[in-house]
Amino acid sequence: MKIDRRKDLKSKVYYINGTYTYQDIKKVIKNKSTHTTNKSEAKSYLEWFKEQLKNEIVGFKNPDFRYAADKKMKDTFKPTSLKTDNLIKKVVEHIGDVKLRKIDNEFIRELGFKMYPMDDSIKYAADTDLSEQEKLKRSSRLNTINRNVICPISLVLHYGAKQNPKWCDYMVVDRFKLIDRPSIYFTYEEFDKCLEVEALFQIKLLLVFLCYTGARLQEALNVKWSDIKDGKVHIWEGKGDKPREVYIHDRLKSWLDRVNDRGIYIFQWRKAWDNKKDSEGLYFNWREMLRNADVPLNKLPHKCRHTFATWGRKAGWSLEDLQEIGGWKDKKSVEVYAHIMPETKVSRIMELPNDQKIANFP
């Protein structure tokens, strides 16, 4: 490589051009600025730049987890969400400079137990030796490890295996098997009871919106009035899925029509936990609605997405219909509802329960 001034520019700044080769890997450099007009400083910059290229090639041939994770988070072709980035960063703190090729399923499992400790009496015991509460406790912790440790590591490893030349071999990253538990959802009766009791209007509207669109909570909070057009609501991308449009059911339309004071957004909260300890908070008022309706307090907003899926299956939707309407990326995510066998095949959104008895609004 050499340094020289560019003939096509009037600038006196020195630029680097040429090919750098290290361990049979070549890097072509074209018009890399040295950011200086001093030739001596430009030569120093060139030596520094060569060292950077060398480190990059070394990392490229046999990268560690930190290097691969950084590259994955900067991937613009298939970018990661802020939540995923945070999970990857947390894992990097514990793995650091371990080479990708050194990571296997045993390493990942031990890391998971290190990051999220569990009593040995529960971790290694047979299911028959545990109470139902202990089984649930273990399953909950293993689910956390699956989500916060195994998933981000798997993402980075699979990214590395796709590189050319690949940084590591492709491997199937095993997840912990969890206890199969029935889906928690609102029954028709519980849903109606919630709308009939005294509660904040926006909370009732949110309940109807979530159950009749299948939107995730943050997706719903991001919806603007301008996203509602031609009898459909446009739900923007969430959790890595594509944006989608859902037809507005008559019952949801009745509730939306009751809103007189319309700002930019349909709902007053920007994040689920805004003012969580305040009487105006989303979760505070949600739980108040559940208490007043005598509905189990574990039926939080995300369970409305399960409700949407369960109602849809009972209405006769196929799993393909459900996946398309609800925006599930992975078919496995909707197969949990496969046991809810439909008795008849009916049309889609408009066949959700339509009790036209609209509760009195506060």
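The values are calculated or read from the model by the stated rules, or taken from the named source; none is laboratory data. Since the model is a prediction, treat every value here as computed from it, not as a measurement. As a convention, Cβ positions derive from the backbone with ideal geometry for all residues, glycine included, and neighbour counts pool all protein chains shown.
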Would a scan of region 198-216 turn up a residue that is within 21 Å of the chain's Cα centre (by Cα), assigned to a loop (DSSP other than H, G, I, E, B), without any contact (Cβ under 8 Å) to a residue 60 or more places away in the chain and surrounded by 14 or more Cβ atoms within 10 Å (Cβ to Cβ)? no
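Among the residues of region 1-20, what is the count of those that are among the acidic types (D, E) and over 11 Å from K32 (Cα atoms)? Break it down into steps so the answer makes sense when it comes.
Going residue by residue through region 1-20, those that are among the acidic types (D, E) are 4, 8.
Narrowing further to those that are over 11 Å from K32 (Cα atoms): 8.
Summing the residues that are among the acidic types (D, E) and over 11 Å from K32 (Cα atoms) in region 1-20 gives 1.
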Exactly one condition in (1) charged (D, E, K, R); (2) modelled with pLDDT of 85 or more; (3) assigned to a loop (DSSP other than H, G, I, E, B) is not met by D274; state its number. (2)
Can you list residue pairs whose Cβ atoms sit under 7 Å apart, with the first residue in region 86-101 being in the same structural domain as P152 (by TED's automatic domain parsing) and the second being assigned to a helix (DSSP H, G or I) and among the β-branched types (V, I, T)? Count only pairs 6 or more apart in sequence or on different chains. I88/V156; V91/V149; V91/I153
Taking helices (runs of 4 or more DSSP H) that do not extend beyond region 103-194, which have at least 2 residues that are of a type in the set (A, V, I, L, M)? 105-115, 132-145, 151-161
V233 being in contact with a helix residue (DSSP H, G or I) (Cβ under 8 Å, 6 or more places away or on another chain), part of a strand (DSSP E or B) and modelled with pLDDT of 90 or more: yes
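Are any residues in region 170-197 under 27 Å from V259 (Cβ atoms) and in contact (Cβ under 8 Å) with a residue 40 or more places away in the chain, and if so, which ones?
In the first step, residues of region 170-197 are kept if they are under 27 Å from V259 (Cβ atoms); the result is 185-197.
If the condition is that a residue be under 27 Å from V259 (Cβ atoms) and in contact (Cβ under 8 Å) with a residue 40 or more places away in the chain, then Y185, F186, Y188, E190, F191, D192, K193, C194, L195, E196, V197 are the ones that fit.
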